[in-house]
Amino acid sequence: MGSRFPSHQLSNGLYVSGRPEQPKEKAPVICSTAMPYTGGDIKKSGELGKMFDLHRKSGPLGNQPSRNTSFGGAASNSGPVSNAGGRSNYSGSISSAVPGTGGSSRTKSNSGPLNKHGEPTKRSSGPQSGGVTPMARQNSGPLPPVLPTTGLITSGPITSGQMNSSGAQRKVSGPLDSSVSMKMRTASFAHNPAVTNLNAEDGYSIKGSIPTAIIWLVALLFLVGFVAGGFILAAIHNPILLIVVVVIFGFVAALVAWNICWGTKGVTGFVRHYPDADLRTAKDGEYVKVTGVVTCGNLPLESSFQRVPRCVYTSTCLYEYRGWDSKAANTTHRRFTWGLRSMERHAVDFYISDFQSGLRALVKTGFGARVTPYVDESVVIDINPDNKDMSPEFLRWLRGRNLSSDDRIMRLKEGYIKEGSTVSVMGVVQRNENVLMIVAPAEPISTGCQWAKCMLPTSLDGLVLRCEDASDMDVIPV
């Protein structure tokens, strides 16, 4: 019996309406081996490496053979083969594998440009092992720089400086002038906000120890005494008052001269004999002295002339001797004395490990803090007109700072506090949550009169750093 609607019979004998479904072809199942361990290297991670369009340098492959799959497929290498036998990327039709034939019966279908015979162009770079010929990826435009082998993807440029047309860093031929590098390093220290530039010359100053009003008062008293003594001597011929005034004036003059000559040693002696505090019991805002081993912070320094690395304080001073007809090093330079011509002093934040408690504190000497350093300096070089050409390093150092090297008698001194040195620090304890810091006091601290040493009081402004000559002392490795 005919019908307008098509129908068909199922395998169980039942008639249903509609046309029979066409059998669907099963998609071939591609079996592949597990990915090898890349160790975090993005260049060895297959598709992820291709996604970032990585550039691989041409060169010999490793001795490890590439891993074959369990069937004869089309081995189309769209990128370089890694050392561990990279994953094969298949494109085109897949031929069935014949047992026992291995990889010799595979049909190779390579994507890429064809030659004049219609065959894919083979590209090889360097000697290959294992019979594998990798295909070189064709890229348009400059390639990105090679990523580091850590596998981390970071933002920003990988390398700094000029780039050539291929995207790699441009190499500058020829040696770099040391004077240019000195200028760059000096400028970086001078303009870095984390570095404190100490431009004032340290040492004992009688003007800073005694108030100006007291100095003028004493001078006025001596002037009145000399006038009165001279008047009495001329009127009644009695020299007693004048003799007393002269003796007192001599004693005061000797005391001032003693303090000028030995004032710095008096201050260092005061720092040395000041008792060390225990940071475990020190209160917030207490003025203490801490002695311990120095550790660099985030920004270590380097000395200017000797290039000593990992320092927390550096000082390089150039002195000149002025004779009768010599040039002055500065406006206050007197004849037959040494005058300061150039000075570079820098300080940064650092850590100190207390000997008393073992605690570690942050010393805030950077970011423009007030610092009074008492660091011994050693003579690095003495220059006179006869031997000035025997030190090319010193001449380069002068050129780097635009200093003349004419016929002058010069002396270069350098001092520093490097990592591992033993330092005494005097400052105020400041506790900020779990951070223990030593900062500069708000007001200068007076040492008081040291009667046993005939020393006048001295004001210590800011943080006080005391360190012996670091070049002669043993440095504790940290």
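Checked against the criterion of being without any contact (Cβ under 8 Å) to a residue 24 or more places away in the chain and not assigned by the TED database to the domain that holds VAL348, the range 403-413 has no qualifying residue. What are the pairs, 6+ residues apart or on separate chains, where a residue within the range 216-238 that is touching a residue at least 12 places away in the same chain (Cβ under 8 Å) has its Cβ under 6 Å from a residue that is of a type in the set (A, V, I, L, M)? Hits for this filter: GLY225/VAL245; PHE226/VAL245; GLY229/LEU241; GLY229/LEU242; GLY229/VAL245.
Tell me whether the range 375-395 contains one or more residues that are touching a residue at least 40 places away in the same chain (Cβ under 8 Å) and assigned to a loop (DSSP other than H, G, I, E, B). Yes. What are the residues in the range 429-466 that are touching an Asp or Glu at 6+ places or on another chain (Cβ under 7 Å) and either basic (Lys, Arg) or crowded, with 18+ Cβ neighbours inside 10 Å (or both), if any? Listed by number, the residues that qualify are VAL429, ARG431.
Considering only residues that are in a helix (DSSP H, G or I), open to solvent by less than 70 Å² (accessible area, probe 1.4 Å) and more than 30 Å from VAL267 (Cα to Cα), which ones fall in the range 196-240? Residues satisfying the conditions are GLY225, ALA228, GLY229, GLY230, ILE232, LEU233, ALA235. Of all the listed residues (VAL439, VAL363, VAL379, VAL428), the sole one being at pLDDT 95 or above and over 26 Å from the mean Cα position of the chain (by Cα) is VAL428.
Taken over the range 396-426, the residue count meeting the criterion of being part of a strand (DSSP E or B) and either of a type in the set (Asp, Glu) or open to solvent by less than 50 Å² (accessible area, probe 1.4 Å) (or both) is 11. Would you confirm whether or not the range 246-261 contains a residue that is in the same structural domain as LEU456 (by the TED database), touching a residue at least 24 places away in the same chain (Cβ under 8 Å), surrounded by 14 or more Cβ atoms within 10 Å (Cβ to Cβ) and closer than 30 Å to LEU412 by Cα? No, the range 246-261 has no match at all. If you go through the range 277-290, how many residues are surrounded by fewer than 19 Cβ atoms within 10 Å (Cβ to Cβ) and either more than 19 Å from THR365 (Cβ to Cβ) or among the β-branched types (Val, Ile, Thr) (or both)? Number satisfying all stated conditions: 5.
The values are calculated or read from the model by the stated rules, or taken from the named source; none is laboratory data. Predicted model, so just to flag it, every value in this text is computed and none were measured. For neighbour counting, all protein chains shown are included, and Cβ atoms are generated from backbone atoms with ideal geometry for every residue, glycine included. Accessible surface areas use protein heavy atoms only, side chains included; no ligands, DNA or RNA. Shrake-Rupley method; radii C 1.70, N 1.55, O 1.52, S 1.80 Å.
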